[in-house]
1. Look through region 116-134, keep the residues that are outside any strand (DSSP E or B) and surrounded by 14 or more Cβ atoms within 10 Å (Cβ to Cβ), and return whichever of them is nearest to the chain's Cα centre (by Cα).
2. Given the condition modelled with pLDDT of 95 or more, under 24 Å from residue 26 (Cβ atoms), surrounded by fewer than 14 Cβ atoms within 10 Å (Cβ to Cβ) and in contact with a helix residue (DSSP H, G or I) (Cβ under 7 Å, 6 or more places away or on another chain), answer yes or no: does some residue in region 204-212 qualify?
3. Just checking, how many residues over region 175-184 are touching a residue at least 40 places away in the same chain (Cβ under 8 Å), assigned to a loop (DSSP other than H, G, I, E, B) and under 15 Å from the mean Cα position of the chain (by Cα)?
4. Can you run down the residue pairs with Cβ atoms below 7 Å, 6 or more apart or on separate chains, where the first is in region 185-214 and in contact (Cβ under 8 Å) with a residue 12 or more places away in the chain and at positive phi and the partner is exposed (fewer than 14 other Cβ atoms within 10 Å of the Cβ) and not in a loop (DSSP other than H, G, I, E, B)?
5. Restricting to region 18-39, name every residue that is out of contact with any helix residue (DSSP H, G or I) (no Cβ under 9 Å at 6 or more places or on another chain), part of a helix (DSSP H, G or I) and either touching a residue at least 24 places away in the same chain (Cβ under 8 Å) or surrounded by 13 or more Cβ atoms within 10 Å (Cβ to Cβ) (or both).
6. Identify all residues within region 67-104 that are under 20 Å from residue 173 (Cβ atoms), in contact (Cβ under 8 Å) with a residue 24 or more places away in the chain and assigned to a loop (DSSP other than H, G, I, E, B); write none if there are none.
7. Of the numbered conditions (1) within 15 Å of the chain's Cα centre (by Cα); (2) closer than 20 Å to residue 181 by Cα; (3) assigned to a helix (DSSP H, G or I), residue 8 fails exactly one; give the number of that condition.
8. Which of (1) assigned to a strand (DSSP E or B); (2) buried (at least 19 other Cβ atoms within 10 Å of the Cβ); (3) touching a helix residue (DSSP H, G or I) at 6+ places or on another chain (Cβ under 9 Å) does residue 172 not meet, given it meets every other one?
């Protein structure tokens with residue numbers, strides 16, 4: 001089993017972007033994770049159905065997120081986090097294909113592996129296995145008490161800009177990561193997460209588009 005469980009965006013101004021997302025998408029913040037301080041970041045998570053939209057922002061110099069803001073000249077997509085139920089087998093598969101694991105954590109409640117974006121292409125990808133399927137400790141202890149269905153009820157997928165979309169699609173397929181993702185031609189901002197497809201709670205709104213945090217949001 002593999003499913004897209006969380007998408008992270010990166011912003012220079014965390015509070016402003018979170019407020020814009022909450023207003024436009026009918027969301028509220030379900031958790032602020034102090035653990036991202038390890039990466040020189042602060043963040044906010046918002047619930048969509050049982051999936052999560054996260055925004056991170058640098059709080060010190062020299063972070064991966066800060067370099068991405070500079071390289072892509074502004075806010076945008078940052079990370080795709082997949083829930084799996086066969087983490088060890090998947091790690092063996094990606095490592096056999098030459099992918100480096102750049103961060104590892106093993107907690108009683110969840111295990112995670114971050115994959116090097118240069119080896120995958122287009123985004124930082126994390127594959128995470130909670131101790132109990134469907135739980136998500138990264139969402140905080142009370143995420144189930146939040147209503148994540150105001151304007152949107154699910155994250156259908158993401159769009160990744162690529163210099164060669166077919167080649168990147170093939171690479172993600174080789175790694176078993178081609179789930180809830182589509183690949184589009186990169187813009188002059190370079191490769192990276194450029195779009196997010198969200199399930200509209202009001203089906204009459206399917207097809208609407210907007211731009212927030214430097215990405216194109218499409219209601220499906």
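The values are calculated or read from the model by the stated rules, or taken from the named source; none is laboratory data. From a predicted model like this one, the values you see are computed outputs, not experimental measurements. A quick note on method: Cβ atoms are made from the backbone with ideal geometry, for glycine too, and the neighbour counts reach across all protein chains shown.
1. At the first step, the residues of region 116-134 found to be outside any strand (DSSP E or B) are 116-123, 131-134.
So of that shortlist, the ones also surrounded by 14 or more Cβ atoms within 10 Å (Cβ to Cβ) come out as 116-117, 119-123.
On the way: 116: 14, 117: 13, 119: 17, 120: 14, 121: 14, 122: 12, 123: 9 Å.
Going through the qualifying residues, I end up with 123.
2. Checking region 204-212: at least one residue is modelled with pLDDT of 95 or more, under 24 Å from residue 26 (Cβ atoms), surrounded by fewer than 14 Cβ atoms within 10 Å (Cβ to Cβ) and in contact with a helix residue (DSSP H, G or I) (Cβ under 7 Å, 6 or more places away or on another chain).
3. Of all residues in region 175-184, those touching a residue at least 40 places away in the same chain (Cβ under 8 Å) come to 175-177, 179-181, 183.
With the extra rule that they be assigned to a loop (DSSP other than H, G, I, E, B), the set shrinks to 175-177, 179-180.
Narrowing further to those that are under 15 Å from the mean Cα position of the chain (by Cα): 177, 179-180.
Looking only at that region, the number is 3.
4. Note: pairs meeting the criteria are 190/71.
5. Filtering region 18-39 down to residues out of contact with any helix residue (DSSP H, G or I) (no Cβ under 9 Å at 6 or more places or on another chain) leaves 18-26, 32, 34, 36-38.
Restricting the remaining residues to those that are part of a helix (DSSP H, G or I) gives 18-25, 34, 36-38.
Correct list: 18, 19, 20, 21, 22, 24, 25, 36.
6. 85, 86, 97, 99
7. Every condition holds for residue 8 apart from (3).
8. Here residue 172 meets the rest and fails (1).
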